[in-house]
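The values are calculated or read from the model by the stated rules, or taken from the named source; none is laboratory data. Not measured: the values here are computed from a predicted model. All Cβ positions, glycine included, derive from the backbone under ideal geometry; neighbour counts span all protein chains shown.
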Amino acid sequence: MENYEIKHLIERVKKANCKQLDLSNKDITELPEEIGELTDVETLDLSFNHISKLPDSIAKMTNLKELFLMRNCVTSLPEDIGKLRNLKSLDVSYNPIKSLPAQMGDLVNLQTFDASFCLLHSIPPEMVNLQKITRIHFDENPIDCPPLKVIRRGWNAIKYFLTERGKGNTESTTTVVTIH
């Protein structure tokens, strides 16, 4: 899908006040900044494309609840991702992402996060703020901080490690963490 086609589609979606936009499997290599104008969209599926970078304007999509980026070429998430305070589900699996921005900790409503099959070496300490997480996946990443033995024990162990052995809130919740 060409950039001009995406811009035309964005205009149509904006006028129709659509809540969902599925741009998966469209051979997209780049998203225009205009994507940020879709403030009514709650679900955005960009999976199975060739996107290497998200525009900073994506942070303006303040009603976004679900963002699917799996199987792209994304190397990093914008620092302003933390402005997506309504985000409940984020899937960035199968992308060559090497690190996550500290602002991930600002996604206070995030419940599901999948970063499987990325290139992550560490989990930002700010992620301890994600108190609503129920499912988090870091499968097949070369993570060395926290150590693999900590990650295998689950989200509460990760939070404990990241808050320097219990100096923060390690409130117990039922959380599924997978890593292989």
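Touching a strand residue (DSSP E or B) at 6+ places or on another chain (Cβ under 9 Å), in contact (Cβ under 8 Å) with a residue 60 or more places away in the chain and part of a loop (DSSP other than H, G, I, E, B): does that describe residue 99?
When the stated conditions are applied, residue 99 does not pass them.
Mind counting the residues in the stretch 1-33 that are more than 20 Å from the chain's Cα centre (by Cα) and part of a helix (DSSP H, G or I)?
Result for the stretch 1-33: 14.
Find the residue count for the stretch 36-80, including only residues that are of a type in the set (Gly, Ala, Ser) and part of a helix (DSSP H, G or I).
Of the stretch 36-80, the ones of a type in the set (Gly, Ala, Ser) are 36, 47, 52, 57, 59, 76.
Still in the running and part of a helix (DSSP H, G or I): 36, 57, 59.
The qualifying residues number 3.
Can you pull out every residue in the stretch 102-123 that is touching a Pro at 6+ places or on another chain (Cβ under 7 Å), surrounded by fewer than 17 Cβ atoms within 10 Å (Cβ to Cβ) and under 19 Å from residue 85 (Cα atoms)?
Result: 102, single match.
Return the residues of the stretch 95-143 that are touching a helix residue (DSSP H, G or I) at 6+ places or on another chain (Cβ under 9 Å) and small (Gly, Ala, Ser); say none if nothing qualifies.
102, 105
Scan the stretch 116-162 for residues that are part of a helix (DSSP H, G or I), touching a residue at least 12 places away in the same chain (Cβ under 8 Å) and not aliphatic (A, V, I, L, M) and jot them down. Before you say what the answer is, go through the steps one by one.
Step one: of the stretch 116-162, the residues part of a helix (DSSP H, G or I) are 125-129, 148-151, 155-162.
Narrowing further to those that are touching a residue at least 12 places away in the same chain (Cβ under 8 Å): 125-129, 148, 151, 155-156, 158-159, 161-162.
125, 126, 129, 155, 156, 159, 161, listed by residue number.
Going by the conditions given, is residue 80 touching an Asp or Glu at 6+ places or on another chain (Cβ under 7 Å), over 20 Å from residue 138 (Cα atoms) and in contact (Cβ under 8 Å) with a residue 24 or more places away in the chain?
Details: touching an Asp or Glu at 6+ places or on another chain (Cβ under 7 Å): yes; over 20 Å from residue 138 (Cα atoms): yes; in contact (Cβ under 8 Å) with a residue 24 or more places away in the chain: yes.
Answer is yes for this residue.
Looking at the structure I just gave you, is residue 147 more than 14 Å from residue 76 (Cβ to Cβ) and at pLDDT 90 or above?
It is false that residue 147 is more than 14 Å from residue 76 (Cβ to Cβ) and at pLDDT 90 or above.
Please state which one of 38, 46 is in contact (Cβ under 8 Å) with a residue 24 or more places away in the chain, more than 23 Å from residue 94 (Cα to Cα) and crowded, with 16+ Cβ neighbours inside 10 Å. Before the answer, list the steps.
On the way: 46 fails: more than 23 Å from residue 94 (Cα to Cα).
Being in contact (Cβ under 8 Å) with a residue 24 or more places away in the chain, more than 23 Å from residue 94 (Cα to Cα) and crowded, with 16+ Cβ neighbours inside 10 Å holds for just one of 38, 46, which is 38.
For residue 15, which of the numbered conditions (1) buried (at least 18 other Cβ atoms within 10 Å of the Cβ); (2) free of Cβ contacts under 8 Å to residues at least 60 places away in the same chain fails to hold?
(1)
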